[in-house]
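Data block below; observations after.
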Amino acid sequence: MIDPSVIQKIKDVATIREVVEDYVPLQKRGVNYVGKCPFHDDNHPSFYVSPARNYCKCFVCQEGGDPIRFLMKHENIGFIDAIHLLAKKYGIEIEEKQLSDEERKAMQENENLRNMANWLAQHCSENLSADSDEADKAKMYLMQQLRLRQDTINQFGIGLALKGASYSAAALSKGYKSEQLQRIGISRVDESGNWEDLYAGSIIIPFHTVSGSVVAFAAMNIESEEVKYTPDSSIFNSWNSLFGLYHAKRDILSNKKCLLTESPLDILGAWQVGIKNIVASCGKELSDQHINILKRTIPAKSSAEDRHITLIYENTQEGIKKAQNTGRNLVRSGISVHIVELPKNESLASYTKGKNAEEVQNYLTEHEKDFINYYTERLNKVIALKPQFKEKALEEVGKLLTSIPDLIVRDAYIKSCASQLKISQDSLTKFIN
Ligand SMILES: [Zn+2]
């Protein structure tokens, strides 16, 4: 339980303007501030923020309240979680009462691990900006091979793990414990008892939580270009974390749509051309938890069934297969799914390399397709080539259509898919039943 006096302290310091502005750009109007309402599809700024009353309210959908209520509604979290978010924002320590010694110890340990992960990110970032041959080589690689700009490198806190047992030694000398290094999966002890950096000589990309704390890393070996991720730990669960969400949150809100891609490199490439409402599942299949996070984060345009996600996966056999699996999962969750097919064999990272924002934006706009129509179209091509697969293909389409939770939406797709497949709605419905 949180000490009531601490809750009061948080209520006293949290100002509505600062809290709302983390999510909604505001403009001054008289003594108040206005912005577009994050709770409904708002074309005019209908959302009023009154610093004097420490209160916000939408004059169209009536949503609003004090800073705590705003966070609860906006982040879809409970009271206690909102208090924790505010405590963090304002640097207020929350004293948890009635925790068992064990719980307290576990919390403290996790806090130490987070501190170490944040320290490590900072350490690697300093390695990269240092004046050394290793740093020069890494910078050349980032800027010339990957064509990343300095502002992108800074934005994501990209760093360098030096060769040898460098960061392990630095962490230990900083007072972090050896088992902590092991617990977040960045170091190990070799047979002769020496510490070994598991990601030595790699570019290090920090993985942030939604509130901006570093909890894991993606590491790219400069020589092999292979990207690895640090393992799950007591502070990081890859099944409920999306890379880039911390940076993308605001833009997902303002664009009312989220792009979904595969790797941190895709995200960096997208950022370079001004596409910021984008997250990656980092080599994982999208889990139900991932989908719930996306549903919470993307504002619905009108109804709950109207959350917009666009998949941009690598255009290889493997990438398309992954995109199709992901698309099917999202359709089943009632999300409006779209897909952009990149040019053959390109990933978003490779495609954006050296291109300007307009060129990429135009491509994405021109090539964005409704996922269900795209899926049907692909099967249609298979049928044209191999008519013996027709039955199987119709079953596939039927399965996808059956999974659409909204019956009105489902009916509309039955109509459009039947016409795409040049069969009657009745014969398609047979496959659905
Ligand atoms: Zn509203």
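Each value in this text was obtained by applying a stated rule to the coordinates, not by laboratory testing. Nothing here was measured: the structure is a model prediction, and the numbers come from that model. Heads up, the Cβs are rebuilt from the backbone with ideal geometry, glycines too, and the neighbour counts pull from every protein chain shown.
Collect the residues in segment 59-69 that are more than 14 Å from the ligand (Cβ to nearest atom) and hydrophobic (A, V, I, L, M, F, W, C), keeping them in residue-number order. Answer for segment 59-69, where residues must be more than 14 Å from the ligand (Cβ to nearest atom) and hydrophobic (A, V, I, L, M, F, W, C): just 68.
Tell me, yes or no, whether segment 180-202 has at least one residue that is of a type in the set (Ser, Thr, Tyr) and within 29 Å of residue 106 (Cα to Cα). Yes, segment 180-202 contains at least one residue that is of a type in the set (Ser, Thr, Tyr) and within 29 Å of residue 106 (Cα to Cα). In this structure, is residue 339 touching a residue at least 12 places away in the same chain (Cβ under 8 Å), under 20 Å from residue 378 (Cα atoms) and not in a loop (DSSP other than H, G, I, E, B)? Yes: the conditions hold for residue 339. In this structure, residue 253 does not satisfy being surrounded by 23 or more Cβ atoms within 10 Å (Cβ to Cβ), touching a residue at least 40 places away in the same chain (Cβ under 8 Å) and not in a loop (DSSP other than H, G, I, E, B).
Contact annotation: residue pairs with Cβ atoms under 6 Å, 6 or more positions apart or on different chains, pairing a residue in segment 51-74 that is within 15 Å of residue 41 (Cα to Cα) with a partner that is within 8 Å of the ligand (Cβ to nearest atom) and hydroxyl-bearing (Ser, Thr, Tyr), are 58/46; 59/46; 60/46.
Results for (1) free of Cβ contacts under 8 Å to residues at least 24 places away in the same chain; (2) of a type in the set (Asp, Glu); (3) surrounded by 23 or more Cβ atoms within 10 Å (Cβ to Cβ), shown as yes or no for each residue.
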site: 194; (1), (2), (3): no, no, no
site: 209; (1), (2), (3): no, no, no
site: 224; (1), (2), (3): yes, no, no
site: 242; (1), (2), (3): no, no, yes
site: 247; (1), (2), (3): no, no, no
site: 257; (1), (2), (3): no, no, no
site: 264; (1), (2), (3): no, no, yes
site: 270; (1), (2), (3): no, no, yes
site: 282; (1), (2), (3): no, no, no
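Scanning segment 1-58 for residues that are small (Gly, Ala, Ser) and within 16 Å of the ligand (Cβ to nearest atom) returns 35, 46, 50. Just one of the numbered conditions (1) away from the ligand (no atom under 14 Å from the Cβ); (2) touching a helix residue (DSSP H, G or I) at 6+ places or on another chain (Cβ under 6 Å); (3) over 25 Å from residue 245 (Cα atoms) is not true of residue 72: (3).
Given the condition touching a residue at least 60 places away in the same chain (Cβ under 8 Å) and either part of a helix (DSSP H, G or I) or closer than 20 Å to residue 308 by Cβ (or both), answer yes or no: does some residue in segment 370-381 qualify?
Going residue by residue through segment 370-381, those that are touching a residue at least 60 places away in the same chain (Cβ under 8 Å) are 371.
Keeping just the survivors that are either part of a helix (DSSP H, G or I) or closer than 20 Å to residue 308 by Cβ (or both) gives 371.
Yes, segment 370-381 contains at least one residue that is touching a residue at least 60 places away in the same chain (Cβ under 8 Å) and either part of a helix (DSSP H, G or I) or closer than 20 Å to residue 308 by Cβ (or both).
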